[in-house]
1. If you find the alpha carbon centre of the range 242-276 and of the range 68-82, how far apart are they in angstrom?
2. Using helices alone, what [θ] at 222 nm do you get for the chain, with -39,500 (n - 2.57) per DSSP H run of 4 or more residues, divided over all residues and rounded to the nearest 500?
3. Over the range 104-241, what is the mean sequence separation of C-alpha contacts under 8 Å (at least six apart), divided by residue count, expressed as relative contact order in percent?
4. Using a 1.4 Å probe on the protein chains only, how many percent of the accessible area of the chain belongs to carbon and sulfur?
5. Could you give the distance between the Cα centres of the range 83-117 and the range 122-149, to the whole Å?
6. Which order do peptides 229-241, 138-150 fall in by mean Cβ count within 10 Å, highest first?
7. Could you give the accessible area per residue of the range 39-106, probe 1.4 Å, as a whole number in Å²?
8. Subtracting the Cα-Cα distance from 0.36 nm times the residue separation, let me have the gained length for Ile136 to Glu63 in nm, one decimal.
Amino acid sequence: MSHLPADSRSRVTLPQLHGWHHAGRKLVMVTAYDSVTARIADAAGVDIILVGDSVGNVCLGFENTLPVSMAMMNHHFEAVARTQPTALLVADMPYLSFHLSIEDTIRNAGSFVQRGAQAVKLEGGAKRLPMIHALIDAEIPVMGHLGLTPQSVNPMGGFKVQGKHKADALRLVEDAQRLQDAGCFSMVLEGIPAELAAKVTETVQIPTIGIGAGPHCSGQVLVFHDVLGLLPGSSPKFVRRYAQGFDDLTGALTRWAGDVRDGGFPDDRESYKAAR
Ligand code: KIV
């Protein structure tokens, strides 16, 4: 198992990812939305960077992911791709980018691939199978996404844990099996009971990547800003903060502002001297 720092690793590939999964190594995925977050994620040695459509609510001030367009995703994806991360680079298909027609779906996913994506992720189960088949036929690897799929916020009636009841849980296990049979190389399981995620993980051979889906998935994903505590206020139950980014950074900026106001910044160390 390699835990080498990012700059001494070569680019993660899909066969490598499957090798790690079959060797029992837990997979680590985190979101990134620009070159700063991508550099930090890659330096931390994560296995997969997802340019998520959560960019909409995390960075762009939308209430949910529904307003995120291909143009917005391409803008953020390009910033991440320019850093040439060693992690496997996955682009999230935003709402309406894979709903209209097969041709449109391939064109949108293909535009991510041409910008450096090694795979795309899309939300949904059985009803998305025709699009998934078409993408895989077009040599575009697909990561599925089941459970609390944020693009379904309206039919779900809010961001609610899914698969709590037996019939829904059974449907989700069937969907997982179908995604695997269609050729998905892995799938995100979001916002489902831990027991159901464990059942899916033992049913399918491809890696499951959990978020709010308990400890029994093949790997875990979190939103960059959540792990690092970059957003104000409390976090959802499934998040563990590994830094108090918002408080620490606000404190640092406040100290700098104070230094500017009382004349302590800049001093000689930050100033240039004229030639003698
Ligand atoms: O967009 C996103 O951030 C995601 C992850 C939470 C899986 O889809």
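1. Result: 32 Å between the Cα centres.
2. Result for the chain: -11500 deg cm²/dmol, rounded to the nearest 500.
3. Worked out over the range 104-241, it gives 18 percent.
4. Carbon and sulfur together cover 56 percent of it.
5. Value for the Cα centre distance between the two parts: 12 Å.
6. 138-150, 229-241
7. 40
8. On the way: separation 73, 0.36 × 73 = 26.28 nm, distance 3.18 nm.
Additional length available on full extension: 23.1 nm.
The values are calculated or read from the model by the stated rules, or taken from the named source; none is laboratory data. Since the structure is predicted, the reported quantities are computational estimates derived from the model, not experimental observations. Here the Cβ is made from the backbone with ideal geometry for all residues, glycine too, and neighbour counts use every protein chain on show. Side chains are part of the model used for accessible areas, which takes the heavy atoms of the whole protein and leaves out ligands, DNA and RNA. Shrake-Rupley method; radii C 1.70, N 1.55, O 1.52, S 1.80 Å.
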